[in-house]
Amino acid sequence: MHAHDILPITNRRLFLRQSGLGLGGIALGSLLSQHATAAPGILGKPHHEPKAKRIIYLFMAGGPSQLDLYDHKPVLNEKNGTDLPESIRNGQRLTGMSGNQATLPLAGSVFQFSKHGKSGATVSDLLPNIAKMADDLCFVKSCYTEAINHDPAITFIQTGNQLAGRPSFGAWLSYGLGSANENLPAFTVLVSKDRTEQGLYARLWGNGFLPSTHQGVQFRSGKEPVLYLANPDGVSADSRRKMLDRLAELHAIQAETEGDAEILSRVQQYEMAYRMQTSVPDVMDFSKEPKDVYELYGEDAKTPGTFAANCLLARRLAERNVRFIQLYHPGWDHHGSLPSGIKRQAKDIDRACYGLVQDLKRTGMLKDTLVVWGGEFGRTNYSQGKLTAGNYGRDHHPRCFTMWFAGGGVKPGFTYGSTDDYGYNVAENGVHVHDVQATILHQLGIDHEKLTYKFQGRYCRLTDVHGTVVKPLIG
């Protein structure tokens, strides 16, 4: 049976009326008697025993260069400046930004690579702290996607479809498993401030065709972490409570008349906002964090809105059983001046990623928290534009890119998949975006083929019509 195989609300409404009960009355009673009850998901319980209880997804928007961070290719340095062989490209499409270049000169990385830990994972000197925890990480160097430009590629990896309008990853998880915290949403979003080179859109954490209760809630730095949450001047908590009670009664009448489930979702959103008036200030209060925590995450963690501060906030949300915590760090789109641009980005995230994983590890939370790191695609092995001794750019490259995972039941100190000597094609164990999504859901106890929602006459799911769990990654 599909998760969405339930009677239409209009039929249920007619039945309840004939039984002397009103849909709105039942729904209202449920809502008002459970002001502080965590909401269950449509599945009721996971399909199988989960290895992870929550996800912290560190999304590097813009497409970080795997060739300058993790996937060392000495051949590119040896053949630096020579044209990309057609036998390697094999007629594959390029973007309009480099497709008209007279030549495609191979660009070896200017950064140094070393092997780290007992696992011998290869990491560049841009990421010394991530390198230190190589034995905690599971690297996948053979990821690939279907989209070659940012908007469809980001939309694809975040929603499972290149077209806008589908539910985001966190929304699917909220729909399937519900919330594990009565006073915080199941799905929260944090975006690094001052890193706006790559545009992001609220639909990336939207609910799509799922009920609106499952959309991501964005937390911001500043006096108002969640917009429109505080009561206006002159409105007390008591008067707000009474207003919500009366509003819920009116919505219940409307729901009974119109049979629209979204009306009751709206009431649930109001109730969550009311509870968040006290829970959000608590989670945003870093004043009791000890000094050694800031030593882990770095000084940037003291500046609200930075990636480091968001990583620390992610740990605080994870402690409170928020199920899906999405961090976006834009700025990785290095078509030109890559060496200087990627240095800045790496400095932003290196210490913070290390701090987050080690913080979760020392508190015992890493074993049931799955940390995911990656972007929407990789970068080309050739230079976009002019190549000089110390400068180059890289275009979009969907054929292969690197992601890493930590905790949540994946194998630590493990590298899976590989690319060819030129870093252009997957050579072994390719992992499609839908395979990544299926594997993450599997770690949370979900069979990706069984978490569905009927929309426009079709049962839809995050992984569309394919996707395979990558079992070698599972510890």
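The values are calculated or read from the model by the stated rules, or taken from the named source; none is laboratory data. Please read these numbers as outputs of a predicted model, since none were measured by experiment. Cβ coordinates were reconstructed from backbone atoms using ideal geometry, including for glycine residues, and neighbour counts include every protein chain displayed.
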Problem set entry | Residue in the range 319-343 that is nearest to residue 389 (Cα to Cα), counting only those that are surrounded by fewer than 16 Cβ atoms within 10 Å (Cβ to Cβ) and polar (S, T, N, Q) | 337
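For the range 465-475, what are the residues that are part of a helix (DSSP H, G or I) and surrounded by 17 or more Cβ atoms within 10 Å (Cβ to Cβ)?
Once the filter is applied, which keeps residues that are part of a helix (DSSP H, G or I) and surrounded by 17 or more Cβ atoms within 10 Å (Cβ to Cβ), the range 465-475 yields only 473.
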For this session: Please state which of the following conditions residue 394 fails to meet, knowing it meets all the rest: (1) farther than 30 Å from residue 50 by Cβ; (2) touching a Gly at 6+ places or on another chain (Cβ under 6 Å); (3) at pLDDT 95 or above.
Result: (2)
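For the range 443-464, give me each residue that is of a type outside the set (D, E, K, R) and either part of a loop (DSSP other than H, G, I, E, B) or touching a His at 6+ places or on another chain (Cβ under 6 Å) (or both). Quick ask: steps written out before the conclusion?
Initial filter on the range 443-464 (of a type outside the set (D, E, K, R)): 443-446, 448, 451-453, 455-457, 459-460, 462-463.
Within the range 443-464, 444, 445, 446, 448, 451, 452, 453, 456, 457, 459, 462, 463 qualify.
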For this session: Run residue 356 past the list (1) in contact (Cβ under 8 Å) with a residue 60 or more places away in the chain; (2) touching a Gly at 6+ places or on another chain (Cβ under 8 Å); (3) outside any loop (DSSP other than H, G, I, E, B) and report the number of the one that doesn't hold.
Result: (2)
For this session: Considering every residue within the range 327-341, establish whether at least one is among the charged types (D, E, K, R), in contact with a Phe, Trp or Tyr (Cβ under 8 Å, 6 or more places away or on another chain) and either within 16 Å of residue 126 (Cβ to Cβ) or at pLDDT 95 or above (or both).
Result: no
Problem set entry | Boolean, residue 184 is among the hydrophobic types (A, V, I, L, M, F, W, C), closer than 18 Å to residue 267 by Cα and surrounded by fewer than 22 Cβ atoms within 10 Å (Cβ to Cβ) | no
Seminar exercise, completed: For the range 424-438, pairs from a residue that is farther than 28 Å from residue 105 by Cα to a residue that is in a helix (DSSP H, G or I) and among the aromatic types (Phe, Trp, Tyr), with Cβ under 8 Å and 6 or more apart or across chains, are 433/156; 437/169
Exercise. Limited to the range 217-240, what total is found for residues that are within 16 Å of residue 273 (Cβ to Cβ), of a type in the set (Gly, Ala, Ser) and out of contact with any helix residue (DSSP H, G or I) (no Cβ under 9 Å at 6 or more places or on another chain)?
Worked result: 2
Exercise. Within the range 189-228, which residues are buried (at least 21 other Cβ atoms within 10 Å of the Cβ), among the β-branched types (Val, Ile, Thr) and in contact with a strand residue (DSSP E or B) (Cβ under 7 Å, 6 or more places away or on another chain)?
Worked result: 189, 191, 217
For this session: Only one of these is in a loop (DSSP other than H, G, I, E, B), in contact with a His (Cβ under 7 Å, 6 or more places away or on another chain) and not acidic (Asp, Glu): 181, 207. Name it.
Result: 207
Problem set entry | Residues located in the range 146-160, provided they are surrounded by fewer than 18 Cβ atoms within 10 Å (Cβ to Cβ) and either in contact (Cβ under 8 Å) with a residue 60 or more places away in the chain or in a loop (DSSP other than H, G, I, E, B) (or both) | 146, 149
Problem set entry | Options 402, 380: the member that is among the β-branched types (Val, Ile, Thr) and more than 22 Å from the chain's Cα centre (by Cα) | 380
